[in-house]
Amino acid sequence: MTTLSIHNPADGELIIALPADDAESVAAKTAAARAAQPAWAALPLERRMACVRKFREGVVRDLEQLATTMTRETGKPIRMSRNELNGLLPRIDFFLAETEAAIAAETVFDEGGMKEQIQHAPLGLVANISAWNYPWFVGCNVILPALLAGNAVLYKPSEYATLTGLEIARLLDEAGVPRAVMVTLVGGGEVGTALLEQNVDGVFFTGSHATGKRIAKALAGRLVKLQLELGGKDPTYVCEDADPKAAAESLADGAMYNTGQSCCSVERIYVHEKIHAAFVAAFVEAVRSMRRGDPMNDDTYIGAVTRAPQLDVLESQVEDAIAKGAHLVAGGERRIGAGNWFDPTVLVNVDHTMDVMREESFGPVIGIQKVVDDAEAVRLMNDTRYGLTAGVYTRDEQRARALLAQVNAGSVYWNCCDRVSPRLPWSGMGDSGIGLTLSKYGIQAFTRPKAWHLRTQ
Ligand code: NAD
């Protein structure tokens, strides 16, 4: 039998080796889920909502244990693990409040003996291949609306957040969702590949651009609904009228929260030359004050880097930037010893010849580039193949709106960053993906509009 070994990224210790799925078990679980889905869809919505309400109660009841599990397997500072779980609760409340209206049948015409209706029918059986950085958020953004809309779900959590994935499944099971309707698959990319070979009605993926492309290729010719939520290289522009200290503190948090491992982390910063020096000084001070240490400590802000191979990416981006003329003003080093550790790193005198300004860092590394005016800032913000989020810091709302209207991104921020709302659609442009989660559209994403033509007389 194959196993999946789960290590603590903070110290390298083996936490557990779990029995993993293989092609045969994936096929058997898929067949069971396919068979179970129609009965789940036939339940009144209120019954499915009752399960999600009970799931929410389980999250609240077990919050401390769930946070500890997530911190141990991902290296996320415990305070941030608690924040993620607490932040999940209003998302659950949003889905509970909005699903009925989002999937209710619509009568769009009723005249002369002819009625026309749109039914939001469930897709059927959906696959969710997920990332590890916010496993509760990215898992539940798919699982909960999919289940509420009447789908069965085949969920493959990341191999770096499998214990959390199993906790999500446990709580849904305890809440009354049939085991064949909410199915968890344990393993790495090979189990994801086996899942893609199954007869599913939709594939919802969160992860890297490289894997997203592989998944799109694997599904080519299959006509299966595909949604990809991928990485970013999210820019922010700080105008000369912004308060440099307040902007620096906000953006240092946006760049380094979760050790820089957020899909919407601030990944590059452009600062007007008039306040560049003051901004950089305040930014470095903010970064130096961030406590590094055991992710289980309440006051730790910078935790472990979850995936060891990412340390090479971070090191290579820093070396490439310095070789091309960047100045290192904080950090720059991986720490040798047990676990995966990289010091929070700030580079200035950077430009777009450098990987650090073009490729996703997904770690505690940031480049800050000086710009002369708004036009240069917009040009540089759009000089990317990604388009997840982008922000502007200025006192002038009209200026912010005018700038953000020109930026290619799924979400834009004025005087804030690294923010996701259940009420707003979460989507990327370009290589940041296709499709969306959250908002009412992120509920309808798990349905297919079916057209009803009814002669009533
Ligand atoms: P990843 O692409 O390495 O893995 C994601 C998932 O895909 C895992 O479950 C993995 O086992 C699976 N997988 C790997 N190879 C596969 C294959 N060939 N076929 C099928 N499945 C396969 O990504 P990751 O390291 O887990 O996540 C980090 C990335 O996710 C970053 O780029 C980040 O920006 C992005 N992300 C995006 C969002 C968003 O909402 N846009 C949210 C979170 C993370």
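Just so it is clear, none of the values below were taken in a lab; they were calculated from the coordinates. It should be emphasised that the depicted structure is a prediction, and the values quoted were computed from it without experimental measurement. FYI the Cβ positions are ideal-geometry reconstructions off the backbone, even for glycines, and counts take in every protein chain you see.
Some values worked out for this structure:
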item: Residue-by-residue Karplus 3J(HN,Hα) for the range 113-126, coefficients 6.51, -1.76, 1.60, Hz, glycine and proline x; result: x, 10, 10, 10, 10, 10, 9, 8, 7, x, 5, x, 10, 10
item: Relative contact order (%) - the chain, alpha-carbon pairs under 8 angstrom, separation at least six; result: 20 percent
item: The chain - mean residue ellipticity at 222 nm from DSSP helices (-39,500 (n - 2.57) per run, n ≥ 4, rounded to 500); result: -12500 deg cm²/dmol
item: Rg over Rh [alpha-carbon atoms, Kirkwood Rh] for the range 141-194; result: 0.96
item: Check: the range 198-241 dipole with +1 on Lys, Arg Cβ and -1 on Asp, Glu Cβ, in debye; result: 540 debye
item: The range 311-407: GluC sites (Glu not before Pro) in DSSP coil with no more than 15 other Cβ atoms inside 10 Å; result: Glu333
item: Karplus-derived 3J(HN,Hα), 6.51/-1.76/1.60, for each residue of the range 164-172, Hz, glycine and proline x; result: 5, x, 5, 5, 4, 5, 4, 5, 5
item: Trypsin sites (Lys or Arg not before Pro) restricted to DSSP loop in the range 201-242 with at most 13 other C-beta within 10 Å; result: Arg222
item: Kirkwood Rh in Å, taken over all unlike Cα pairs in the range 256-302; result: 12.4 Å
item: Part-to-part distance (alpha-carbon centres) for the range 317-346 and the range 185-214, which is given in Å; result: 32 Å
item: Coordinate range along principal axes, alpha carbons of the range 235-421, Å, largest first; result: 50, 36, 30
item: Under 22 Å from the Cα of Lys245 - lysines, other chains or at least 8 residues apart; result: Lys274, Lys370
item: Cα long-axis angle, helix 209-219 against the chain (0 to 90 degrees, to the nearest 10); result: 30 degrees
item: Note, ³J(HN,Hα) from phi for the range 441-457, Karplus 6.51, -1.76, 1.60, rounded to Hz, x at Gly and Pro; result: 5, x, 8, 5, 4, 9, 10, 10, x, 9, 8, 10, 10, 10, 7, 8, 10
item: Net charge over other residues, Cβ less than 15 angstrom from the Cβ of Arg34 (K, R count +1; D, E count -1); result: 0
item: Size of charge dipole - the chain - debye, nearest 20, with Cβ of Lys, Arg +1 and Asp, Glu -1, no other charges; result: 1160 debye
item: Net charge of Cβ neighbours under 11 Å - reference Leu163; Lys, Arg +1; Asp, Glu -1; result: -1
item: Alpha-carbon spread of the chain, three principal axes, descending order, Å; result: 73, 60, 42
item: Environment charge at Asp93 (Cβ cut-off 15 Å; Lys +1, Arg +1, Asp -1, Glu -1); result: +3
item: Cut-off under 5 Å, modelled amide H: who pairs with Leu388 long-range; result: Lys233, Gly410, Met429
item: Loop-located trypsin sites (Lys or Arg not before Pro) in the range 394-443, at most 15 other Cβ atoms within 10 Å (DSSP); result: Arg395, Arg419, Arg423
item: Acute angle (nearest 10 degrees) that the helix 78-103 long axis makes with the longest principal axis of the chain, alpha-carbon atoms; result: 40 degrees
item: Dimensionless Rg/Rh of the range 92-203 - Kirkwood Rh, Rg from C-alpha atoms; result: 1.08
item: Equivalent ellipsoid semi-axes, the range 236-283, via Cα gyration tensor eigenvalues times 5, rooted, Å; result: 20, 10, 8
item: The range 400-456: C-alpha pair distances exceeding 17 Å, %; result: 55 percent
